[in-house]
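Worksheet: the structure to be examined is printed underneath.
The values are calculated or read from the model by the stated rules, or taken from the named source; none is laboratory data. Computed from a predicted structure; not experimentally measured. Note: ideal-geometry Cβ built from the backbone for every residue, glycine included; neighbour counts use all protein chains shown.
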Amino acid sequence: MIATVHGLVLAGGRSSRMQRDKAALSYHGRTQLQWGVDLLAAHLPRVFVSVRSDQLADPVRARFECITDTLAGAGPIAGIAAAQSRHPEAAWLVLACDLPFLDAATVGFLLEHRDPQRQATAFRSSHDGLPEPLCAIYEPASAPAITDWIAGGQVCPRKFLRGADVLLLDEPNPRALDNVNTPDEYGAAVSALAGMP
């Protein structure tokens with residue numbers, strides 16, 4: 001049986017380089033977190049937000065169904081592992097909350113080309129050819145490997161995907177997965193989006 005896909009928007013980071021909460025930044029007339037949730041909700045029956053325990057009451061996040069990280073300091077892979085633990089029967093389309101150029105067509109392409117027989121389906125970065133771990137589908141079969149990866153002291157999801165059984169897809173929109181981490185990058189993204197049709 002092919003697992004149902006749930007959505008997970010990762011919003012548990014500390015945004016230290018941005019110096020303000022990336023999930024609360026506005027690009028499309030709504031918060032970036034709302035943008036990510038809306039993109040997934042257009043395709044999937046359930047969408048969750050990954051948070052730290054101290055973020056549960058935050059008004060930007062509290063309006064969504066949240067899954068709390070159980071591993072402190074492990075970064076995005078902690079959110080993926082927590083979601084897999086909460087709903088082990090599901091596959092997870094995991095999305096970073098700092099992808100202002102991501103569009104519905106890219107999300108749809110990922111779902112359309114998903115290979116449920118692999119551990120994951122991900123895009124190949126248009127910049128360096130490596131797997132993009134934060135706009136990817138993780139199948140239930142990847143959960144034991146992710147648990148072992150973390151237990152071994154590893155926390156980088158990109159390195160995990162490099163050694164996993166993954167279908168890699170070329171990005172239909174080469175800019176869709178450009179993330180925004182600093183105030184300068186935020187300003188540039190706002191300007192670029194304003195100039196797009």
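Within segment 55-64, the residues that satisfy the criterion of being outside any loop (DSSP other than H, G, I, E, B) and not small (Gly, Ala, Ser) are Gln55, Pro59, Val60, Arg61. State whether one or more residues within segment 135-153 are in a loop (DSSP other than H, G, I, E, B), loosely packed, with under 15 Cβ neighbours inside 10 Å and free of Cβ contacts under 8 Å to residues at least 40 places away in the same chain. Checking segment 135-153: at least one residue is in a loop (DSSP other than H, G, I, E, B), loosely packed, with under 15 Cβ neighbours inside 10 Å and free of Cβ contacts under 8 Å to residues at least 40 places away in the same chain.
Looking at Phe160, Phe109, Phe123, Phe101, which is the one that is out of contact with any His (no Cβ under 9 Å at 6 or more places or on another chain), surrounded by 15 or more Cβ atoms within 10 Å (Cβ to Cβ), part of a loop (DSSP other than H, G, I, E, B) and among the hydrophobic types (A, V, I, L, M, F, W, C)? Among Phe160, Phe109, Phe123, Phe101, only Phe101 is out of contact with any His (no Cβ under 9 Å at 6 or more places or on another chain), surrounded by 15 or more Cβ atoms within 10 Å (Cβ to Cβ), part of a loop (DSSP other than H, G, I, E, B) and among the hydrophobic types (A, V, I, L, M, F, W, C). Only one of the numbered conditions (1) in a strand (DSSP E or B); (2) more than 24 Å from Ala90 (Cβ to Cβ) is not met by Glu132, and that is (2).
Inside segment 147-175, can you point out the residues that are at pLDDT 90 or above and closer than 20 Å to Leu39 by Cα? If the condition is that a residue be at pLDDT 90 or above and closer than 20 Å to Leu39 by Cα, then Leu169, Asp170, Glu171, Pro172, Asn173 are the ones that fit.
Tell me, yes or no, whether segment 65-87 has at least one residue that is under 12 Å from Leu167 (Cα atoms), out of contact with any His (no Cβ under 6 Å at 6 or more places or on another chain) and assigned to a helix (DSSP H, G or I). Looking through segment 65-87, none of the residues is under 12 Å from Leu167 (Cα atoms), out of contact with any His (no Cβ under 6 Å at 6 or more places or on another chain) and assigned to a helix (DSSP H, G or I).
With respect to the conditions (1) in contact with a strand residue (DSSP E or B) (Cβ under 9 Å, 6 or more places away or on another chain); (2) closer than 16 Å to Gly75 by Cα; (3) of a type in the set (A, V, I, L, M), Ala151 falls short on a single one, namely (1).
Restricting Gln55, Gln84, Gln117, Gln154 to residues that are within 16 Å of Gly13 (Cα to Cα) and not basic (Lys, Arg) narrows the list to Gln55.
Specify the residue that is modelled with the highest pLDDT; the eligible residues are those in segment 176-197 that are surrounded by fewer than 16 Cβ atoms within 10 Å (Cβ to Cβ) and part of a loop (DSSP other than H, G, I, E, B). By that ranking, first place goes to Thr182. Under the condition of being within 21 Å of Gly75 (Cα to Cα) and part of a helix (DSSP H, G or I), the residues counted in segment 41-54 number 2. Just one of the listed residues (Arg114, Arg17) is in a loop (DSSP other than H, G, I, E, B), at pLDDT 90 or above and touching a Ser or Thr at 6+ places or on another chain (Cβ under 6 Å), and it is Arg114.
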